[in-house]
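Novice: Below are the structure tokens for one structure; questions will follow.
Just so you know, all these numbers are worked out from the coordinates, no wet-lab data involved. Only a predicted model underlies this, so the values are computations on that prediction, with no experimental measurement involved. Here the Cβ positions follow ideal geometry from the backbone for every residue, glycine too, while neighbour counts run over all protein chains shown.
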Amino acid sequence: MMLDNGRVKHIVGEKAEYLVFPELEKYPELGVAFAIRGAKGYHYEPISPEVDYSGIASELGIRVEDLVMPFQAHTDVVAEYDDAVREFKDTDGLVTAKCGAVLCTKVADCISLLMYDPIRHAIANIHSGWRGTLQKIAQNGLRKMVAEYGTRTSDLICVICPSIRQDHFEVDQDVYGEFAKAYPEIINEITIRKNNKYYIDTVRCNTWLLERAGVKMENIIDSVLCTVCHKDLINSYRGNIEGEKHFRNLALIWLKD
Ligand SMILES: [Zn+2]
């Protein structure tokens with residue numbers, strides 16, 4: 001089965017399997033991909049000798065040594081990548097205007113937000129899981145781009161990678177309560193209540209943050225893919241068969257040299 005749906009093109013390469021986003025192909029200076037299960041798993045830590053990134057790198061025409069991976073920790077911290085700094089502790093988002101640096105996040109149900117400012121030629125890669133969504137890390141990503149590059153949010157294009165969707169994001173009262181506190185304006189819109197369980201639309205939380213900050217609705221490209229529904233093809237934490245290793249997908253964005 002393939003995951004093509006108009007917004008997403010599913011590529012089965014010889015060395016890796018990944019998704020690309022046709023609406024971004026009009027920017028030849030930009031590289032964007034989302035490596036999935038067929039690309040083998042990626043561990044949580046950036047530096048794990050047993051993980052081989054050469055397959056996906058060679059498929060995409062990039063170099064393994066150009067991959068920049070923060071130590072994700074479900075924070076709201078977004079940092080700027082420049083040549084001097086390569087190690088990012090407790091960081092869940094990166095921005096850069098440097099060509100060649102491939103910003104990465106690893107997710108297995110969490111949302112990766114990939115942003116491109118085609119006017120200022122700057123990019124962002126933000127890990128927004130449900131904890132990051134509660135802390136509104138998307139907002140911090142936008143602020144960072146505005147502060148570092150003078151980005152106008154109305155110029156930004158934003159991809160929402162495959163993630164756990166409302167149909168599978170079942171939570172109890174405590175987590176629902178946290179969302180009600182963080183998102184009182186839209187709590188009814190983002191919640192379905194069924195048999196004393198709550199189903200939260202974390203994608204809507206993120207698109208709401210983006211739209212409220214000035215990102216145009218038509219510039220938000222949602223993959224519309226649920227990782228749990230497609231656990232046979234995309235790494236999923238909740239969808240994993242018990243006992244199986246928890247692998248992650250790799251979201252990559254870069255400005256070509
Ligand atoms: Zn689902």
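Novice: Out of residues 5 or more away from Ile234 or on other chains, whose amide H comes under 5 Å of its own, with H placed 1.01 Å from N in the peptide plane?
Specialist: For Ile234, whose amide H was placed from the backbone, the distant partners under 5 Å are Arg37.
Novice: With a point put 7 Å past each Cα toward its Cβ, work out how far Ser154 is from Ala180 in nm, to one decimal.
Specialist: 3.8
Novice: Here's another thing I want to ask about it. Using the count of nearby Cβ atoms within 10 Å as a rough guide to exposure, how do Trp254, Trp130 rank from fewest to most?
Specialist: In increasing order of surrounding Cβ atoms, one gets Trp130, Trp254.
Novice: Another one. Order 136-147, 103-114, 206-217 from most to least packed using the mean count of other Cβ atoms within 10 Å.
Specialist: Answer by packing, highest mean first, reads 103-114, 136-147, 206-217.
Novice: Could you tell me which of rounded, prolate or oblate describes the range 9-255, using a ≥ b ≥ c as the square roots of the eigenvalues of the alpha-carbon gyration tensor, with rounded for a/c under 1.5 and, failing that, prolate when a/b is larger than b/c and oblate otherwise?
Specialist: Judged from the Cα gyration tensor, the range 9-255 comes out oblate (a/c at least 1.5, b/c at or above a/b).
Novice: Tell me, Leu24, Leu225 in order of fewest to most beta-carbon neighbours within 10 Å?
Specialist: Leu24, Leu225
Novice: Sort the range 127-250 into rounded, prolate or oblate with this rule: let a ≥ b ≥ c be the square roots of the eigenvalues of the Cα gyration tensor; rounded if a/c is under 1.5, and if a/c is not under 1.5, prolate when a/b is larger than b/c, oblate otherwise.
Specialist: Since a/c reaches 1.5 but b/c is at least a/b, the shape of the range 127-250 is classed as oblate.
Novice: Still on this structure, I have one more. Report, in deg cm²/dmol and to the nearest 500, the calculated mean residue ellipticity at 222 nm for the chain, where each DSSP H run with n ≥ 4 adds -39500 (n - 2.57) and the sum is divided by the residue count.
Specialist: -5500 deg cm²/dmol
Novice: A further question follows. Each residue of the range 13-29 in turn: what ³J(HN,Hα) in whole Hz from Karplus with 6.51, -1.76, 1.60 and θ = phi - 60°, glycine and Pro shown as x?
Specialist: Karplus-based 3J(HN,Hα) across the range 13-29 equals x, 6, 10, 6, 10, 7, 10, 10, 10, x, 5, 9, 6, 6, 10, x, 7 Hz.
Novice: If the limit is 20 Å between Cα atoms, which of Lys136/Lys181; Lys98/Lys216; Lys9/Lys136 go over it?
Specialist: Pairs exceeding the cut-off: Lys98/Lys216; Lys9/Lys136.
Novice: How would you classify the range 1-153 from its alpha-carbon gyration tensor, with a ≥ b ≥ c the square roots of the eigenvalues: rounded for a/c under 1.5, else prolate if a/b is greater than b/c, otherwise oblate?
Specialist: Rounded, because the longest to shortest axis ratio a/c is under 1.5.
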